[in-house]
Amino acid sequence: MKIIFQVNGGIGKSIAATAVCKAIKKQYPKDELIVLTGYPDVFLQNPNVNRVLTFNNLNYFFPDFIEGKNSKLLLHDPYNETDFIYQKGHLIKVWCDMFGIKYNGEQPELFITGKEKTSFAPMFASPKPILAIQTNGGVPNQGDKYSWARDLSIATAQKVVNAFAQEYNIVHIRRQDQLQLQNAYPVTAEFRQLTVLLMMSQKRLFIDSFAQHAAAALGLPSHVCWIGNVPSQFGYEIHNNIIANPPTQQPEMRNAVFNKYNIGGQATEFPYNNEEEIFDADVLIEALRHNVVKEPAKSKKPEMSVV
């Protein structure tokens, strides 16, 4: 039997989906798992995935996989599930439960070859230890380059950078359409190149975007800042999850539907007096200075695989 697993959404969601793939393959070890995704590079070398197809290349999909076939279709989106909307479980667990897949704490996995590591590492060679930071997420070319509900404010992030600029090579993972930090080296690279960068970094400060998912999949404890989303749904025990300060203002909620805040950061929903109230920069600096992160139990620790 062929199992068709469709993964909609961004690259972070595709990384989380690798844990679902592992759970699917445990339950159906003899069947062929085919993943439909916008980010095929996430699933390269993954032993649980037999084939990866992209949404823009589904030629002959119906005659090959549907017509007269006995394919099992896993197409629904967990974001629409009641348990997810009411925050009753992690995205991965809700995803598995939705399809009747037994969940045993599977975590995301990325499989990086030794050749990739040796080929990409010179791109990020540094005489100083590397501190990797991701301050912004979301889709390309947003109207507003900053979302208060997801991103680190540039002022807060700059204070962190200034505190470590002498000791570390601070690598700012960002697209060219995103805000830039001073005294930080901006990096825009392909996904698998960035995974090698993460593996080379000594300290990491992220928001809830693809880098925190990738770090978890590589077994790299990091510091992750949370505002609109919550780590119990999107985060991992391997990280030091830093929750935003409590709101200081009452937000306008007339446009809130299935989430309290629009992840794009609507101005009317802003529950603070100013952006610097969201996180205390000194708290972030102290966390990075001591690099205190919680190591999860061995049974739940994501695997870092180099094949």
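What's the number of the only condition in (1) crowded, with 20+ Cβ neighbours inside 10 Å; (2) in contact with a Gly (Cβ under 6 Å, 6 or more places away or on another chain); (3) not hydroxyl-bearing (Ser, Thr, Tyr) that Phe55 fails to meet? Result: Phe55 passes all but (1). For Ala217, the criteria (1) at pLDDT 90 or above; (2) exposed (fewer than 13 other Cβ atoms within 10 Å of the Cβ) hold in every case but one, which is (2). Looking only at the range 215-261, which residues are assigned to a loop (DSSP other than H, G, I, E, B) and of a type in the set (Phe, Trp, Tyr)? Those that are assigned to a loop (DSSP other than H, G, I, E, B) and of a type in the set (Phe, Trp, Tyr): Tyr236, Phe258, Tyr261. Out of all the residues in the range 129-147, which are modelled with pLDDT of 95 or more and within 19 Å of Phe279 (Cβ to Cβ)? Those that are modelled with pLDDT of 95 or more and within 19 Å of Phe279 (Cβ to Cβ): Leu131, Ala132, Ile133, Gln134, Thr135. Here is a check on your reading of the model: is Pro186 within 27 Å of Asn262 (Cα to Cα) and free of Cβ contacts under 8 Å to residues at least 24 places away in the same chain? Against the criterion (within 27 Å of Asn262 (Cα to Cα) and free of Cβ contacts under 8 Å to residues at least 24 places away in the same chain), Pro186 does not qualify. Comparison of Gln193, Gln180, Gln212 shows that the only residue that is part of a helix (DSSP H, G or I) and either of a type in the set (Phe, Trp, Tyr) or surrounded by fewer than 21 Cβ atoms within 10 Å (Cβ to Cβ) (or both) is Gln193.
May I ask you to say which residue of Ala132, Ala155 is surrounded by 15 or more Cβ atoms within 10 Å (Cβ to Cβ) and not basic (Lys, Arg)? Residue meeting the stated conditions: Ala132. For the structure I just gave you, tell me whether Gly100 is of a type outside the set (Ser, Thr, Tyr), exposed (fewer than 13 other Cβ atoms within 10 Å of the Cβ), modelled with pLDDT under 95 and within 19 Å of Ile4 (Cβ to Cβ). In short, no.
Here Ser299 clears all of (1) in a helix (DSSP H, G or I); (2) at pLDDT 90 or above except the condition numbered (2).
Being within 20 Å of the chain's Cα centre (by Cα), of a type outside the set (Gly, Ala, Ser), farther than 17 Å from His213 by Cβ and at pLDDT 95 or above: is that true of Asn80 here? When the stated conditions are applied, Asn80 passes them. So Ala165 ticks every box in (1) out of contact with any helix residue (DSSP H, G or I) (no Cβ under 9 Å at 6 or more places or on another chain); (2) touching a residue at least 24 places away in the same chain (Cβ under 8 Å) but one. Which box is left unticked? Among (1) out of contact with any helix residue (DSSP H, G or I) (no Cβ under 9 Å at 6 or more places or on another chain); (2) touching a residue at least 24 places away in the same chain (Cβ under 8 Å), the lone unmet condition for Ala165 is (2).
The values are calculated or read from the model by the stated rules, or taken from the named source; none is laboratory data. Just so you know, these numbers come straight off a predicted model, no measurement behind them. Cβ coordinates were reconstructed from backbone atoms using ideal geometry, including for glycine residues, and neighbour counts include every protein chain displayed.
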